[in-house]
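Step one of this worksheet: look at the structure below.
The values are calculated or read from the model by the stated rules, or taken from the named source; none is laboratory data. Predicted model, so just to flag it, every value in this text is computed and none were measured. Using ideal geometry, Cβ is built from the backbone for each residue, glycine included, and neighbour counts are taken over all protein chains shown.
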Amino acid sequence: MKLSSSLFSVPGIRTLRANLRRPISSSPKVSLPSAIKLKTPIFLRPLQFSASLSDLKKWHKWAKGMALSVGSTFVDLDNGPDSTLLFRELNWFMEDSIEDHSLISQLGVQNNPENVRLRASLDELYTLWKQRIEERRPFQYIVGCEHWRDLVLSVQEGVLIPRPETEFIVDLVEDALSSNGELAEGLWADLGTGSGAIAIGIGRILGASGRVIATDLSPVAVAVASFNVQRYGLQGMIEVREGSWFEPLKDVEGKLAGIVSNPPYIPSDDISGLQAEVGRHEPRLALDGGISGMNDLLHIINGAASKLKPKGFFAFETNGQKQCKFLKDYMESSYPGIFCNFNIVSDFAGVERFVTGFRQ
Amino acid sequence: MSTTTPFLIKSIHLLHKISITSNNFFKASSLSISTPIPSARSSSAITWSRQNLVLHIGGGGGGGGGMLYCSNYSSSAGEVRAADYLKLSDQELMRQCEMDTFKASGPGGQHRNKRESAVRIKHLPTGVIAQAVEDRSQHMNRASALARLRTQLALKVRNKVDLDSYSPPLELLRILPPASTIRGSECGPQIGPKNPKFVLGMQALLDLIFSVEGSVSEAAKLLGLSTGALSRLILSDDSLRMAVNELRASKGMKPLK
């Protein structure tokens, strides 16, 4: 398999331009190389700004006041974050932006005349926190990253923020690998990869000849996922391809050792009631699964029947118990003798979240 | 090896009547599996949700849910040395635990963007609990909670020590300062409190100090150290100092400072 080369420059510059090149082996459609503006997460930016400790403390006091004023308003409105959660986010925000964020908590007995070094200007810190509170812009888009398993993944508008529930898919794959070691050396697909989270999580547990193809319809997701793959040095193992679900996978019919996906699964009618951080800011493309929420899951299952090789593994994330049960029943009745060893697995909150199983 | 029954110091009361045989352990854990998961009705309420971490082990076995459990963990028939818990790998230790996580109301998953990724781990054989909330991912909270559980196990689970034939285990020798007359060069450089292996030595040290009923000078003699040198070692770690001082207070002795 030929892996597409990545054309990213060194991270650290404020914005990165990525020329997206479609790998030769993928879909016949040829798109012109597009330029996606990648935002560098705050924690990766150089310490090129500074502020006096007193100005920074003024900002911190203001930001805490903003968070405090929220109280339980957002919780009551749409089950959004409360002040406690926003305080925690504020601490993480400082962790990412300030060279030595412990300075802030040291209530200045001795007046430190020195400036504190920052990865974003003080003005930007004000603007960003205002967006967090007033526009409900997700914290992860504010700092440009999300901590997921032991990874720190770059995210930005246009890419779904990987959820803590989804972390578990990697554990499920790990279990599958321990039950059948051959899978670790095979070819895997992460469909609708978004930030590349699952693909990278899996890439790190596969064997030396294991490979992952991560697909996404969104050019922004492809750019962000490629950036993340590169940052973890997995460009030799994970190939990111642009296209819908299996469309960029025509060359691997019946060859996949495993398929994993966290496709959009929210029923269309539920989209308008979502928490503002999600509904107003995250890409609908990554959330809306049609009337039943299962349009994409069903499409993926239908494809998996022919793409998986015998004994291949699958794990799909769903909206919960109802979808899990429906999908398992569907696979059993529509593909008798094709799939086997089904499991419905709960997430850490006790919601039946994943359907897993094997190709016969 | 006959006097090695693990027991819990008095302030830790959970489950301490369960002797650790595979059979009893099975009962205890089945109980936890059948505990219904509490669900939050009000939109602001947060409750804990429980799940046993071994549920997915041996995946692909069909019949989802919680019943895959016990057969994966049944090898520990008879009495277990408490110190042995700390020698288990993370995965093995997790198999003896149940994990509680914040369960928020609503469907979760893609619906939700809230970093309430607190993890609470309960070690079933001993009832010792540890938790973590401050990390930014579920995975890291789990790792932090597990590291804390190891510390808690070292602090709270005691092995009896036979003082007449006492010889300190290697884990303990490793945390002793080079001044110790019984510490051979094979122990390598002294392991400090920041090293994850410190908890193993700490547990053995507490076993000894409990056996000599809190007397630092007695313990120091057995370790080839001056009383002052052992005091300094105890004071070098907050949790160790607190455990020793709690014991000394219960015996009417002055705290180490």
message: Tell me yes or no: at least one residue of region A:115-124 is in contact with a His (Cβ under 7 Å, 6 or more places away or on another chain) and on the phi < 0 side of the Ramachandran plot.
response: no
- prompt: Quick one: what pairs do we get from region B:134-150, first residue within 20 Å of A:Pro162 (Cβ to Cβ), second β-branched (Val, Ile, Thr) and at pLDDT below 85, C-beta under 8 Å, 6+ apart or different chains?
  reply: B:Gln138/B:Thr101; B:Gln138/B:Val119; B:Asn141/B:Val119; B:Asn141/B:Val133; B:Arg142/B:Val119; B:Ser144/B:Val119
query: Take the residues of region A:259-269 that are more than 12 Å from chain B (Cβ to nearest Cβ) and touching a strand residue (DSSP E or B) at 6+ places or on another chain (Cβ under 9 Å): which is farthest from B:Pro107 (Cα to Cα)?
result: A:Ile259
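Residue by residue, here is whether (1) in contact with a Cys (Cβ under 9 Å, 6 or more places away or on another chain); (2) more than 26 Å from A:Ala225 (Cα to Cα) holds:
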| site | (1), (2) |
| --- | --- |
| A:Ser97 | no, no |
| A:Leu122 | no, yes |
| A:Val155 | yes, no |
| A:Asp171 | no, no |
| A:Leu187 | no, no |
| A:Ile198 | no, no |
query: If you check A:Gly293 against the conditions, is it on the phi > 0 side of the Ramachandran plot, within 14 Å of another protein chain (Cβ to nearest Cβ) and not in a helix (DSSP H, G or I)?
result: yes
query: How many residues are hydroxyl-bearing (Ser, Thr, Tyr) and more than 13 Å from A:Asn115 (Cβ to Cβ) when one looks only at region A:43-59?
result: 0
query: Is it true that some residue in region A:306-322 is assigned to a helix (DSSP H, G or I), out of contact with any Asp or Glu (no Cβ under 6 Å at 6 or more places or on another chain) and over 22 Å from A:Glu167 (Cα atoms)?
result: yes
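Going by what's in this entry, would A:Gln235 be described as closer than 30 Å to A:Glu135 by Cβ, in contact (Cβ under 8 Å) with a residue 12 or more places away in the chain and out of contact with any Phe, Trp or Tyr (no Cβ under 6 Å at 6 or more places or on another chain)?
Here the answer is no, as A:Gln235 does not meet what is asked.
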query: Can you spot a residue in region B:136-144 that is surrounded by fewer than 23 Cβ atoms within 10 Å (Cβ to Cβ), under 14 Å from the mean Cα position of the chain (by Cα) and of a type in the set (Ser, Thr, Tyr)?
result: yes
message: Restricting to region B:110-133, give me the number of residues that are within 13 Å of another protein chain (Cβ to nearest Cβ), touching a residue at least 40 places away in the same chain (Cβ under 8 Å) and farther than 30 Å from A:Ile271 by Cα.
response: 1
task: Output the number of the condition that A:Phe314 fails; it satisfies all remaining conditions of (1) surrounded by fewer than 23 Cβ atoms within 10 Å (Cβ to Cβ); (2) without any contact (Cβ under 8 Å) to a residue 60 or more places away in the chain.
output: (1)
- line: The condition of being in the same structural domain as B:Met99 (by TED's automatic domain parsing) and at pLDDT below 90 holds, among B:Arg148, B:Arg142, only for B:Arg142
- prompt: Among A:Gly258, A:Gly236, A:Gly303, which is the only one that is in a loop (DSSP other than H, G, I, E, B) and of a type in the set (Gly, Ala, Ser)?
  reply: A:Gly236
- request: Being closer than 17 Å to A:Thr318 by Cβ, facing chain B (nearest Cβ under 8 Å) and touching a strand residue (DSSP E or B) at 6+ places or on another chain (Cβ under 7 Å) is the filter here, so list the residues in region A:169-203 that pass it.
  value: A:Leu172
message: Looking only at region A:311-360, count every residue that is at negative phi, more than 7 Å from every other protein chain (Cβ to nearest Cβ) and basic (Lys, Arg) and tell me the total.
response: 4
- prompt: Do we have any residue at all in region B:227-240 that's buried (at least 18 other Cβ atoms within 10 Å of the Cβ), part of a loop (DSSP other than H, G, I, E, B) and either charged (D, E, K, R) or assigned by TED's automatic domain parsing to the domain that holds B:Ser89 (or both)?
  reply: yes
message: Looking only at region B:73-104, count every residue that is at pLDDT 80 or above and either closer than 21 Å to B:Arg120 by Cβ or among the hydroxyl-bearing types (Ser, Thr, Tyr) (or both) and tell me the total.
response: 14
- prompt: Just checking, how many residues over region A:82-105 are part of a helix (DSSP H, G or I), within 14 Å of chain B (Cβ to nearest Cβ) and surrounded by 18 or more Cβ atoms within 10 Å (Cβ to Cβ)?
  reply: 10
- line: A careful count of residues in region B:193-213 that are outside any helix (DSSP H, G or I), closer than 21 Å to B:Thr227 by Cβ and charged (D, E, K, R) gives 1
- prompt: In the list B:Leu235, B:Leu172, B:Leu230, which residue meets the criterion of being of a type outside the set (S, T, N, Q) and touching a residue at least 40 places away in the same chain (Cβ under 8 Å)?
  reply: B:Leu172
